[in-house]
1. Can you go through E170, E212 and tell me which one is closer than 19 Å to N308 by Cα and out of contact with any Phe, Trp or Tyr (no Cβ under 6 Å at 6 or more places or on another chain)?
2. Could you please let me know if S356 is under 29 Å from P224 (Cβ atoms), of a type in the set (S, T, Y) and touching a strand residue (DSSP E or B) at 6+ places or on another chain (Cβ under 9 Å)?
3. When F208 is evaluated against the numbered criteria (1) at pLDDT 95 or above; (2) part of a helix (DSSP H, G or I); (3) touching a Pro at 6+ places or on another chain (Cβ under 9 Å), which criterion, by number, is the only one it fails?
4. Just a yes or no: is a residue in region 153-173 of a type in the set (D, E), within 15 Å of the ligand (Cβ to nearest atom) and part of a helix (DSSP H, G or I)?
5. So in region 218-232, with the set limited to residues that are part of a loop (DSSP other than H, G, I, E, B) and within 15 Å of the ligand (Cβ to nearest atom), which one is surrounded by the fewest Cβ atoms within 10 Å (Cβ to Cβ)?
6. Just the residues that are surrounded by fewer than 23 Cβ atoms within 10 Å (Cβ to Cβ) and either within 16 Å of the chain's Cα centre (by Cα) or free of Cβ contacts under 8 Å to residues at least 24 places away in the same chain (or both), please, taken from region 50-79.
7. Restricting to region 176-198, name every residue that is outside any loop (DSSP other than H, G, I, E, B) and closer than 19 Å to G119 by Cβ.
8. Just to check your reading of the model, which residue among V191, V235, V215, V200 is within 14 Å of the ligand (Cβ to nearest atom), surrounded by fewer than 21 Cβ atoms within 10 Å (Cβ to Cβ) and either over 18 Å from the mean Cα position of the chain (by Cα) or hydroxyl-bearing (S, T, Y) (or both)?
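The values are calculated or read from the model by the stated rules, or taken from the named source; none is laboratory data. What you are looking at is a predicted structure, and each value in this text was computed from that prediction instead of being measured. Don't worry about glycine lacking a Cβ; one is built from the backbone with ideal geometry, like all the others, and counts go over all protein chains shown.
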Amino acid sequence: MTRRDILIGGSAILASSLTGCSDKKEFKEVSINRAKKVTLKLATSWPAHFPILGGAADFFSQRVNEVSGGSLEVKIYPKNTLVPALEVFDAVSAGAIDIFHSGPYYWKGKNSALSLIGGIPFGFTANEMNAWMMFEGGLELWGEIYKKYNLYPMLGGNVDSQMGGWFRKEINSLSDLNGLKMRIPGLAGEVVSRLGVNPVLLPAGDIFLSLERGVIDATEWVGPALDIKMGFYKVAKHYYSGWHEPGSIIEFSMNLKKFKSLSNEHKAIISSVSNEANSRMIYESQSKNAYALLELAKLGIKPKPFPNDVIEGAKKALYEVIEIEAGKNEDFKRVWESMENFLTISKEWTNMGLKSFLDMRG
Ligand code: CA
């Protein structure tokens, strides 16, 4: 590779990071080869510009264009504009779309291991999830599973700690869950079904009305920033802190064949920008949730923890569900063994480092 090739390949990343360097002038004159412009179609499971989630897809598209010097374009198709929200996996797997922005736990019907990869109740925090993905072989394991579907997984965001949800009636003990209809997806849905809850899956647009009319008794969604926009506080006054999605992930996953067809530079750009979008969502969530919690307090909403017997019951049920699933699916078993191994080790450090500090900070 000649110096010139490197300059052209590195494009805007190099040029923009070299401010102050003596070679600045030389770098500025290098332009990307626009004759090779590549366009990728990205379908999402969110409405256009949806706060935080849709914002990450917008960021990804703009940033890829910027970093590639315009040689790589990502066209966004928000949910239902080209592909229904929950059919993006199949569309990208088949190659009709190049990338999707969604969440792995939506695909547990394809492979139950994906509900674990999406995030574990009582499991990894956002930080621990990223550590497992990037340094503990998580991305490789996920990649092995996705290869069967002609997909290449990339991290695409994490909304950090999620809240336990909104309930029309107060939950004072485990028995209060019995017979409740609750919108709650993924592994957590299976867990609460063992506690007597009837878990239902509803599209985002139907949740508020269902809760208002009492078609459902409770719903989880995300955290204060996104929950407040859904207006749940108007119809369900009891808001609980969360146990079921401490670090659930969002993904930018790509058609594997298409990913392989990209130049090394474009592969690197896509990977780097997805990582940037991933961490950016955690910081955005931290910032927006903090203000939204303040806003909820002004509206008279005081979040509280679930009673102890609910937490203990959910923990017990989780391990029963995991054991059953691990017995049915080899992928689930492998993913769980890897996650459990790291979780056991990581917990000690998180408790010693972060938790001790948080207790002291107050
Ligand atoms: Ca959720």
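1. Numbers: E212 fails: closer than 19 Å to N308 by Cα.
On inspection, the qualifying residue turns out to be E170.
2. Values: under 29 Å from P224 (Cβ atoms): yes; of a type in the set (S, T, Y): yes; touching a strand residue (DSSP E or B) at 6+ places or on another chain (Cβ under 9 Å): no.
It is false that S356 is under 29 Å from P224 (Cβ atoms), of a type in the set (S, T, Y) and touching a strand residue (DSSP E or B) at 6+ places or on another chain (Cβ under 9 Å).
3. (3)
4. Checked against the condition, which is being of a type in the set (D, E), within 15 Å of the ligand (Cβ to nearest atom) and part of a helix (DSSP H, G or I), region 153-173 yields no hits at all.
5. Top of the filtered list is W221.
6. Once the filter is applied, which keeps residues that are surrounded by fewer than 23 Cβ atoms within 10 Å (Cβ to Cβ) and either within 16 Å of the chain's Cα centre (by Cα) or free of Cβ contacts under 8 Å to residues at least 24 places away in the same chain (or both), region 50-79 yields F50, P51, I52, G54, G55, D58, F59, S61, Q62, N65.
7. M182, R183, G186, L187, A188, G189, E190, V191, V192, S193
8. Checking each option against the conditions leaves just V200.
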